[in-house]
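Read the structure below first, then the notes.
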Amino acid sequence: METWENWKTVSLLVCVFAMVREIRPIEPFFTSFLISMNFTSNQINEEIYAVGTYSCLVLAVVIFLVTDYFRYKPLIIADGIAGIFTYALLLGTPSLFRVQMEQMFFGFFYSSEVAFTTYLYAKVDDKQYYQKITSLVKASMLFGRFLSGLIAQTVVSTHLLNQVYLLYISIFSTSFVTLWSLVLPKVQHSLYFHRNKELTVNNKRHQSNEVVIDDNVSNDVPKTSNVSKFKEVKQMIFDDFQSAYKNTYVLKKCFWWIVAVVGNIIVATYIQVLWEDVNKDKKELMNGAVESVHTLCGAAGAYAVGHLNYDWKKFGDIIFTVGTFVLALLLFIIYSCNSLWILYLLYIMFGTCYQILLTITTSEVAKHIKPDSYGLIFGFNLFMSLLIISIFTLLFIQGLVVVIGTKNQILTVSLMFASMSALLFIAAVRKWKK
């Protein structure tokens, strides 16, 4: 009989965590909430969201290794606590400094998402379940976002509750996941710092014809020093990097992933500011409903493409060329448009197309790298995305070079996708000529 810690049970526990973690209904109206607290659009862009961007970058540098070193669960608990502080700091009438502190906690909350995803890989030894548990967690997160948007729009549209209750619900959700994380079973092994000794011994048996020393005398062998352990971990990480990025197909897909995530994060972060700017008649915003539909369409598209039997490695370049161009075109229309409802529709279309292409890219990369290095490679890709966003924020949002408005930020991302589409087209033509 299977124990309660089998992969299905652990997956269920993590899926509940992932779903409830995303029920933060203040998020679709976060910009609107800050404006109601008398912050200006320029302050929100340059002094508030910028802090969140830098915080995510700094924490992404170390969060993966810290998570692995402490065997996941402490970081999962800390993730929930950071979420509580993120929204509790907004209660009352927060000052600019308090909101900036909130963004720092949000940076930890956002970056530590890797903790509960890689927790599953460490907890479930059988790699045949990796793809299944990854899709389950992703689906749970998307469903949580859908519920979050639905709750947000219901509260705002019915006027039964004040907007501050969106904050209370967000605090309740993060408090729940903090308590829920306490029941997660501990991890005895991790991917790098605390590897499974049985697997290591088995590997050595396969690699050598020498007699294996009996376990009863293993206590006489001195423990590996911390310095040696860190050197060993560094070598394993280097090997995983080399194994992944020396594959030109993986390198190309990781490049697309990094650039696409950059574009999506910039759009998702500042689209609410654009909606506020366009809504000059002060009509009732439908941000929550739009985020719900956006999430559902993206999830449906990702689910559908996941069941396609298609050789993406052989024929994917031309599809990604067209798909990336569509992303660029949608963003250019968003840049040119001044109708709130059309902007909502275009945002949904952009999100659906993005999720489809990202799902294909993620699965293709996962197929061609070591299963154990999944968290490391995508963690590094995310770090590179955040680094680019931080540079963009410093140069063009905080104005080290020049300050560009929200619409020009969207135009810049559109041109970035158009450039990538052109590169993909050139690669596709070269491939067909061979």
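The values are calculated or read from the model by the stated rules, or taken from the named source; none is laboratory data. All values derive from a computational prediction rather than experimental measurement. In this analysis, Cβ positions are derived from the backbone assuming ideal geometry, glycine residues included, and neighbour counts consider all displayed protein chains. With ligands, DNA and RNA removed, areas are computed over all heavy atoms of the protein, side chains included. Shrake-Rupley method; radii C 1.70, N 1.55, O 1.52, S 1.80 Å.
Structure values in brief
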item: Segment 265-306, subset modelled with pLDDT under 90, open to solvent by less than 50 Å² (accessible area, probe 1.4 Å) and not in a helix (DSSP H, G or I), residue nearest to Leu340 (Cα to Cα); result: Asn279
item: Single unsatisfied condition, Tyr72 versus (1) aromatic (Phe, Trp, Tyr); (2) free of Cβ contacts under 8 Å to residues at least 60 places away in the same chain; (3) crowded, with 22+ Cβ neighbours inside 10 Å; result: (2)
item: Matching option when the condition is in contact (Cβ under 8 Å) with a residue 60 or more places away in the chain, open to solvent by 10 Å² or more (accessible area, probe 1.4 Å), assigned to a helix (DSSP H, G or I) and β-branched (Val, Ile, Thr), among Ile333, Ile388; result: Ile388
item: Selection count where residues are of a type in the set (Asp, Glu), in contact (Cβ under 8 Å) with a residue 60 or more places away in the chain and farther than 15 Å from Thr352 by Cβ, scope segment 280-330; result: 2
item: In segment 13-32, residue surrounded by the most Cβ atoms within 10 Å (Cβ to Cβ) [restricted to those that are hydrophobic (A, V, I, L, M, F, W, C) and over 18 Å from Tyr110 (Cβ atoms)]; result: Phe29
item: Some residue of segment 294-308 being of a type in the set (Val, Ile, Thr) and under 19 Å from the mean Cα position of the chain (by Cα); result: yes
item: Those residues of segment 88-114 which are open to solvent by 30 Å² or more (accessible area, probe 1.4 Å), assigned to a helix (DSSP H, G or I) and either out of contact with any helix residue (DSSP H, G or I) (no Cβ under 9 Å at 6 or more places or on another chain) or among the polar types (S, T, N, Q) (or both), in sequence order; result: Phe97, Arg98, Gln100
item: Among (1) under 23 Å from Ser390 (Cα atoms); (2) more than 17 Å from the chain's Cα centre (by Cα); (3) in a helix (DSSP H, G or I) - the single one Phe39 does not satisfy; result: (3)
item: Test: residue in segment 115-132 that is modelled with pLDDT of 85 or more and farther than 25 Å from Thr53 by Cβ; result: no
